[in-house]
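K.L.:
Supplied in structure tokens, the structure appears directly below.
The values are calculated or read from the model by the stated rules, or taken from the named source; none is laboratory data. Because the structure is predicted, anything quoted here is derived from the model rather than measured. Cβ placement follows ideal geometry from the backbone for every residue including glycine, while neighbour counts extend to all protein chains displayed. Just the protein is used for accessible areas: all its heavy atoms, side chains included, with ligands, DNA and RNA removed. Shrake-Rupley method; radii C 1.70, N 1.55, O 1.52, S 1.80 Å.
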Amino acid sequence: MTTSTFFLAILVLSAAAYTLGLKRAMAVAKPAGGLSRLHSRPAHYATLTALWCALPALAVFSLWLALEPVVVKALVVADLPEELSRLSTGRLNLVYNDIKNLVAGNFLGTAADPALAAAAAHYRQLKTISQAALAVLVLTGALAGTVVVHRKIKPTLRARNQVETIFRVILFLCSSIAVFTTVAIVLSVLFEAIRFFQSVSPGEFFFGLKWSPQLAIRADQVGSSGAFGAIPVFLGTVLISAIAMTVAAPTGLLAAIYLSEYAGPRLRAVAKPLMEILAGIPTVVYGFFAALTVAPLIRSGGSLLGLEASSESALAAGLVMGIMIIPFVSSLSDDVLNAVPQSLRDGSYGLGATQSETIRQVLIPAALPGIVGGLLLGVSRAIGETMIVVMAAGLAANLTVNPLQAVTTVTVQIVTLLVGDQEFDSPKTLAAFALGLVLFVATLILNIIALYIVRKYREQYE
Amino acid sequence: MISTLSFVHSGAVKRGLQASGAIPSRFTVGDAAVQPTVGEPFSDQARMSCRQVNVYYGAKQSIIDVSLDIGRNEVVAMIGPSGCGKSTFIRCLNRMNDTIPGCRVDGTITLDGVDIYGKEIDVVPLRAQVGMVFQKPNPFPKSIYQNVAYGPKIHGLAQSRAELDEIVETSLRRAGLWDEVKDRLDQPGTSLSGGQQQRLCIARTIAVSPEVILMDEPCSALDPIATSVIEDLIGELKSQYSIAIVTHSMQQAARVSQRTAYLHLGKLLEVGQTERIFTRPRHPLTEAYITGRFG
């Protein structure tokens with residue numbers, strides 16, 4: 001029974017169970033004196049029946065998925081000739097893989113060992129038995145659940161409460177998936193980062209001024225000693241994000257004020273979607289724009305002014321990233337400005353305030369939590385942005401705050417460290433996880449600050 | 001245009017009357033369209049004078065030929081069924097309707113003899129002279145102090161911090177709020193109760209030293225106790241200001257006002273001394289409304 005046929009079967013069975021439950025509820029309602037005598041609506045009884053058909057089957061299936069490989073492996077290994085089963089765990093896993101490959105029909109390169117062939121046949125046989133057993137168990141579970149509930153349907157059965165409880169549990173499970181995934185990602189990054197810090201001291205990583213994560217492959221190789229001081233990388237991220245926000249924050253906020261307070265409805269109807277298109281452009285296209293248009297412009301402009309600008313610069317990447325972030329800031333700020341109640345505007349106009357006084361002193365304070373939220377969202381976009389920086393800011397980890405020089409960011413370094421074939425026990429690769437952890441902690445702190453600000457102003461202003 | 005409008009109005013009136021079933025049969029609808037205002041719309045000591053005011057929202061006319069004075073130290077109550085144009089009318093008096101697209105006002109409205117719709121008039125000082133309190137308390141997202149100081153600051157009424165402090169204290173005292181908030185002036189205005197918020201809005205309006213205060217159903221969002229506090233406050237305020245108040249509560253109109261104006265479908269049907277209006281209304285529709293037969 002493949003997974004898709006299994007789900008199809010469960011679906012059909014529970015549909016049937018639903019109909020049965022509905023009929024049963026109608027049937028018990030009639031002698032009791034009509035549908036109003038039932039504790040719950042007939043649909044609740046039917047749903048309860050369907051759920052008790054599907055849930056045991058699903059439980060059996062997931063249990064089977066988890067246990068079956070372990071059991072099959074144990075049985076196959078137990079049946080192997082002694083010289084094979086006495087191998088170390090690592091070698092045994094290789095042999096077991098060979099057996100599975102034989103079953104799948106993959107060519108192993110050498111003529112199959114007769115012992116392996118026998119084990120493969122054993123494996124195939126166990127699989128067949130397991131499939132049949134699974135089908136029987138699933139069907140039994142579904143039918144048993146249906147029959148039990150079907151029997152229990154009486155006017156007094158509190159079906160609605162039970163259905164609601166089951167759905168509440170399902171909702172809880174779905175929300176915990178998101179939480180557990182986050183926790184799992186954090187833990188996996190954390191453990192790899194800890195492995196990194198076992199070979200490179202945290203002091204060197206957080207305070208070192210030289211970033212050169214190339215390690216010597218041969219002992220006699222020259223100039224690849226490896227240096228993991230991440231300050232230049234952090235500084236590059238901060239520099240580019242700061243340039244981006246310097247562009248995006250004022251432009252986005254002022255654009256939002258114009259659109260929500262001054263622009264006529266017709267202009268607004270055209271301009272707002274146009275600005276939001278900016279947000280839909282793939283970042284790699286922004287990257288072209290930064291690398292091929294803006295960066296050369298900055299270089300020639302810089303040489304006109306007598307400044308030396310490299311062909312890849314933090315300024316180019318930051319400016320284009322700022323343009324990319326404008327729609328985030330403006331769209332969110334526009335929404336919160338529109339959400340400020342008209343009564344506040346009326347009150348201000350009623351006191352003889354002009355439009356600009358009203359905007360500066362009443363609307364912006366009232367909308368501030370939302371505006372701050374939009375800005376911080378923009379900052380986390382800027383910190384996490386990769387493509388524009390790869391294309392326009394270069395890869396060189398220069399320790400500089402000069403926006404005309406090439407810099408690199410945390411995201412770019414993660415990309416370069418993990419591109420290509422990697423060995424996962426060298427500090428070079430593990431450094432990517434340490435950088436990822438820093439990135440995660442930084443955005444986490446930003447979010448906490450954002451929440452704090454929003455809450456503080458909400459207490460004050462709403 | 002006019003004939004179409006009056007036809008529409010007569011139809012609506014007729015339906016209303018038939019539904020109520022309480023209007024004397026001698027009253028004919030055709031008369032209502034041409035009848036002038038019954039009673040005493042004019043005042044010897046007029047602060048604001050409105051003559052033949054018409055208000056249009058696009059093609060729809062919502063105020064028809066209203067003439068009314070608001071006298072010195074007087075409270076004028078506007079009553080009438082929902083949608084009769086009470087709010088629209090008082091919003092003309094400080095040109096709040098300017099902010100509504102498609103709204104047009106004609107006729108003349110003067111404040112102390114000056115046409116407030118004149119070409120040379122700027123709405124900013126006008127709205128400082130004719131203040132407004134709204135239906136829902138709408139304190140700004142600022143501290144109590146800053147809420148009151150906002151108007152004086154934007155109009156440059158205070159030369160120093162001490163002067164500003166004084167304006168804030170005086171305004172809060174006049175609004176009867178000082179004793180309740182003097183220890184927490186730095187707390188947000190929104191932390192006050194509904195009735196306190198509305199008194200804060202009144203203090204805010206007083207702070208720019210207006211001559212006329214317009215109140216658009218100032219108590220409709222408040223509980224009876226807060227309402228009676230505001231009503232007492234209105235009684236005190238009239239010694240210094242002229243007040244026009246829109247209200248849905250006839251008891252409130254009777255309690256706070258000297259004159260009452262009854263508006264019906266955009267027309268001012270009757271104006272008179274409040275006591276007279278509520279005891280001996282002359283217009284049959286006024287009588288029908290105040291006796292609760294429709295509206």
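K.L.:
Which residue pairs have Cβ atoms under 6 Å apart, sit 6 or more places apart or on different chains, and have a first residue in the stretch B:178-190 that is closer than 18 Å to A:Val362 by Cβ and a second that is in a loop (DSSP other than H, G, I, E, B) and open to solvent by less than 40 Å² (accessible area, probe 1.4 Å)?
P.N.:
B:Gly189/B:Pro139; B:Thr190/B:Pro139
K.L.:
If a residue counts only when it is among the small types (Gly, Ala, Ser) and either closer than 21 Å to A:Leu404 by Cβ or within 14 Å of chain B (Cβ to nearest Cβ) (or both), which helices (runs of 4 or more DSSP H) contained entirely in the stretch A:293-385 have at least 3 such residues?
P.N.:
Per the criteria, A:295-304, A:314-339, A:342-350, A:364-384.
K.L.:
Please work out which residue is surrounded by the most Cβ atoms within 10 Å (Cβ to Cβ), limiting yourself to the stretch A:271-283 and to residues that are in a helix (DSSP H, G or I) and under 20 Å from the mean Cα position of the chain (by Cα). If you could, list the steps in order and put the result at the bottom.
P.N.:
Narrowing the stretch A:271-283 to residues in a helix (DSSP H, G or I): A:271-280, A:283.
Filter again for under 20 Å from the mean Cα position of the chain (by Cα), leaving A:279-280, A:283.
Numbers: A:Ala279: 14, A:Gly280: 7, A:Thr283: 18.
Selected residue: A:Thr283.
K.L.:
Also, quick follow-up: Name the single residue, out of those in the stretch B:207-233 being of a type in the set (A, V, I, L, M, F, W, C) and under 12 Å from B:Ile243 (Cα atoms), that is farthest from the other protein chains (Cβ to nearest Cβ).
P.N.:
Start the filter on the stretch B:207-233 by keeping residues that are of a type in the set (A, V, I, L, M, F, W, C), which leaves B:207-208, B:212-215, B:219, B:221-222, B:225-226, B:229-230, B:233.
With under 12 Å from B:Ile243 (Cα atoms) added as a condition, the list becomes B:212-215, B:233.
Details: B:Val212: 12, B:Ile213: 10, B:Leu214: 8, B:Met215: 11, B:Leu233: 18 Å.
Only one residue tops the list, namely B:Leu233.
K.L.:
Cβ-Cβ distance below 9 Å, separation of 6 or more or different chains: which pairs start in the stretch B:284-295 with a residue that is part of a loop (DSSP other than H, G, I, E, B) and end on one that is of a type in the set (D, E, K, R) and surrounded by 15 or more Cβ atoms within 10 Å (Cβ to Cβ)?
P.N.:
Listed by first residue and then by second, the contacts come to B:Arg293/B:Glu287.
K.L.:
Kindly indicate whether any position in the stretch B:162-171 is open to solvent by less than 40 Å² (accessible area, probe 1.4 Å), in contact (Cβ under 8 Å) with a residue 40 or more places away in the chain and more than 18 Å from the chain's Cα centre (by Cα).
P.N.:
Going through the stretch B:162-171, the residues open to solvent by less than 40 Å² (accessible area, probe 1.4 Å) turn out to be B:164, B:167-168, B:171.
Filter once more, so that each one left must be in contact (Cβ under 8 Å) with a residue 40 or more places away in the chain: B:167.
Checking the rest, the ones that are also more than 18 Å from the chain's Cα centre (by Cα) come to B:167.
Yes, that holds for at least one residue.
K.L.:
Can I ask one more? Would you be able to say whether some residue in the stretch A:211-220 is open to solvent by 60 Å² or more (accessible area, probe 1.4 Å), in a helix (DSSP H, G or I) and either within 30 Å of A:Asp425 (Cβ to Cβ) or not aliphatic (A, V, I, L, M) (or both)?
P.N.:
No; the residues of the stretch A:211-220 include none that is open to solvent by 60 Å² or more (accessible area, probe 1.4 Å), in a helix (DSSP H, G or I) and either within 30 Å of A:Asp425 (Cβ to Cβ) or not aliphatic (A, V, I, L, M) (or both).
K.L.:
Let me ask something additional. Among the listed residues A:Thr128, A:Thr165, A:Thr181, identify the single one that is without any contact (Cβ under 8 Å) to a residue 24 or more places away in the chain, over 30 Å from A:Tyr18 (Cα atoms), not hydrophobic (A, V, I, L, M, F, W, C) and not assigned by TED's automatic domain parsing to the domain that holds A:Phe61. Talk me through it step by step, then tell me what you get.
P.N.:
Numbers: A:Thr128 fails: not assigned by TED's automatic domain parsing to the domain that holds A:Phe61; A:Thr165 fails: over 30 Å from A:Tyr18 (Cα atoms).
Among A:Thr128, A:Thr165, A:Thr181, only A:Thr181 is without any contact (Cβ under 8 Å) to a residue 24 or more places away in the chain, over 30 Å from A:Tyr18 (Cα atoms), not hydrophobic (A, V, I, L, M, F, W, C) and not assigned by TED's automatic domain parsing to the domain that holds A:Phe61.
K.L.:
Hey, which of the helices (runs of 4 or more DSSP H) in the stretch A:1-114, taking only ones fully inside, have at least 2 residues that are at pLDDT 85 or above?
P.N.:
A:3-32, A:42-78
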